[in-house]
Every structure is written in C-alpha cells, then in structure tokens.
Amino acid sequence: MTTARDSFDITVTVNGVPVSRRVEARQHLTDFLREELGLTGSHLGCEHGVCGACTVRVNGEIVRGCLMLALQADGARVETIEGLSQSGAIADLQRAFHERNALQCGFCTPGMLIAAADLLESRPGATREEIRTHLAGNYCRCTGYHAIVDAVEAAGRERVRRQA
C-alpha cells in the first residue's frame, strides 16, 4: 500500500504541456511517461541506462529515462519522441531514416532519433565519426548502424544546405 511518504506531487512540462501528478517515490521517468501519460515512444530495454531505448531530453539534455526518477523531473521540461514528431522538428530525420532503411524492428528508433536530433541541433555538419560517437549510447541490434549514420549525415547535410 502506498502511503503519503511513498508518493509526491510533481509538475512537469512534457512536450510543452504542463502536467501535474502524484507519483511514487521510486517510479522511473520512462514508466511515468508510458503509464501515466500514455507516451509509449520511450521504450524500456535494459533498465540500466546502457541501451538508450528510453532516451528523452530533460531541460534540453539527453537523459536515460530508466535512470531518472519521475520525482527528479519535478519542475523540468521533458521532450519525448512524440513531442519532437508532432512539432515537425525531426521530420527530416524521420524521412532520412525511412529512405535509407535505417530502422528495422523500430525498438531503438525513438531514442536514436532523439539523440540524432540533439546532435544536429548543435552540429548539422557533423562528420560520420562525430555521428557515431554521439549515437554510441544508443544500441541497435538490427541495422549494423551504417544506414543510421547515413541517414543522420544526410539530414545534417540538408539542414546545412537550408541554412546557407
């Protein structure tokens, strides 16, 4: 049974929308997003912060949602794959992933897209090595990464071209 000492009220801005909920002290951010808000794009893979399937951004920084408690996100801005997709912020990346077959089963794709978007916001002209380094915390068991790096590189080139 949950007591008042085991749960806390939090307010989080998720994809631009303020959300207030009572959460259990030990509930992970990914579980909160999935179970309380129905945002199922962030996946639970290893639950140890190794695979990157639970990647979200908190206050503009990439975090592993399985390693962060929902309580720790109180007062924060959280961005999920749903928010980035709906805003159109990653449409070019989604298109590039599709065109280059950079996804197979799709389990890692949301975390991979968030990490790629994070890189391209600051370094649209990132080299293949920089792309590999930035995506190193996101594991894909299906593609072998070559198509993913191709897709991120292509989206980055397109962003550089648009900025010129």
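What follows draws every value from the coordinates through simple rules; no lab data is involved. Only a predicted model underlies this, so the values are computations on that prediction, with no experimental measurement involved. Note: ideal-geometry Cβ built from the backbone for every residue, glycine included; neighbour counts use all protein chains shown.
Shown here: the chain, whose C-alpha atoms stretch 54, 33, 22 Å along the first, second and third principal axes, sorted largest to smallest.
The trypsin sites (Lys or Arg not before Pro) found in region 1-87 that occupy coil by DSSP, while having at most 13 further C-beta atoms within 10 Å, are 26. For region 1-155, the Cβ-based charge dipole about the Cα centre amounts to some 140 debye (Lys, Arg positive; Asp, Glu negative; other atoms uncharged). Averaging 1/r across all pairs of distinct Cα atoms in region 4-84 and inverting the result yields a Kirkwood radius of 12.3 Å.
Restricting the calculation to alpha carbons of region 47-92 gives Rg and Dmax of 11.3, 33 angstrom. Estimated at 0.36 nm per residue, the fully extended path between residue 89 and residue 163 surpasses their Cα-Cα distance by 25.1 nm.
Other residues with beta-carbon under 12 Å from the beta-carbon of residue 132 carry, at +1 per Lys or Arg and -1 per Asp or Glu, a net charge of -3. The relative contact order of the chain comes to 22 percent, based on Cα pairs under 8 Å that sit 6 or more residues apart. Putting +1 on Lys and Arg Cβ atoms and -1 on Asp and Glu Cβ atoms, find which of 144, 27, 44 reaches farthest to the positive end of the dipole of the chain. Working it through, the farthest residue towards the positive pole turns out to be 144.
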